[in-house]
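S.K.: Quick one: this structure, given as C-alpha cells, is what I'll be asking you about.
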Amino acid sequence: MYGTNVATSDLDYKSILIPRAEDILLQRARHNISTTTKAVKDSRNSAHDVDTEAFALHEWMKLLLEGQTMALDMLFAPPDFVLETSPI
C-alpha cells in the first residue's frame, strides 16, 4: 500500500474475522491469529514469505479506537488492495 513493493518484498495479508457466538459468550474468542511461511523464526522475511494476520472484530475495533496505524490502514485501504469482502 505504501509503494514500496520491490523484488525482495514479502506478502502481508491482514483480515478481520467474526468469532463464533459460543466463543464470544464463553470469553474464549482469540484476539488474533497469525501465520507465516518463514522457515527460521528470527530471520528476515524473503520475497517468498507470506505473513497473514486475522483480527477478531472486537480486537480490531479496539485497535481502531487506539489509533493504531495498521487498523486505520485496513479501514482506509484503497479498493484495489482489498481481496475479499463480506456482506456482514
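The values are calculated or read from the model by the stated rules, or taken from the named source; none is laboratory data. Just so we're clear, the structure is a prediction, and the values are computed from it rather than from any experiment. Glycine gets a Cβ as well: all are built from the backbone with ideal geometry, and neighbour counts include every protein chain shown.
S.K.: List the residue pairs whose Cβ atoms are under 9 Å apart, where the first residue sits in the range 17-32 and is closer than 22 Å to GLU84 by Cα, the second is surrounded by 12 or more Cβ atoms within 10 Å (Cβ to Cβ) and polar (S, T, N, Q), and the two are 6 or more positions apart or on different chains.
M.R.: LEU17/ASN32
Each row is one residue, and each column tells you yes or no for (1) in a loop (DSSP other than H, G, I, E, B); (2) modelled with pLDDT of 80 or more.
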{"residue": "ILE16", "(1), (2)": "no, yes"}
{"residue": "ARG30", "(1), (2)": "yes, yes"}
{"residue": "ILE33", "(1), (2)": "no, yes"}
{"residue": "SER43", "(1), (2)": "yes, no"}
{"residue": "LEU65", "(1), (2)": "no, yes"}
{"residue": "ASP73", "(1), (2)": "no, yes"}
{"residue": "ASP80", "(1), (2)": "no, yes"}
{"residue": "THR85", "(1), (2)": "yes, yes"}
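S.K.: Name the single residue that is farthest from ALA54 (Cα to Cα) among those in the range 9-29 being among the basic types (Lys, Arg) and either in contact with a His (Cβ under 6 Å, 6 or more places away or on another chain) or surrounded by fewer than 13 Cβ atoms within 10 Å (Cβ to Cβ) (or both).
M.R.: Top of the filtered list is ARG28.
S.K.: A further question follows. Take the range 45-54 and flag every residue that is modelled with pLDDT under 85 and either among the acidic types (Asp, Glu) or loosely packed, with under 14 Cβ neighbours inside 10 Å (or both).
M.R.: Result: SER46, ALA47, HIS48, ASP49, VAL50, ASP51.
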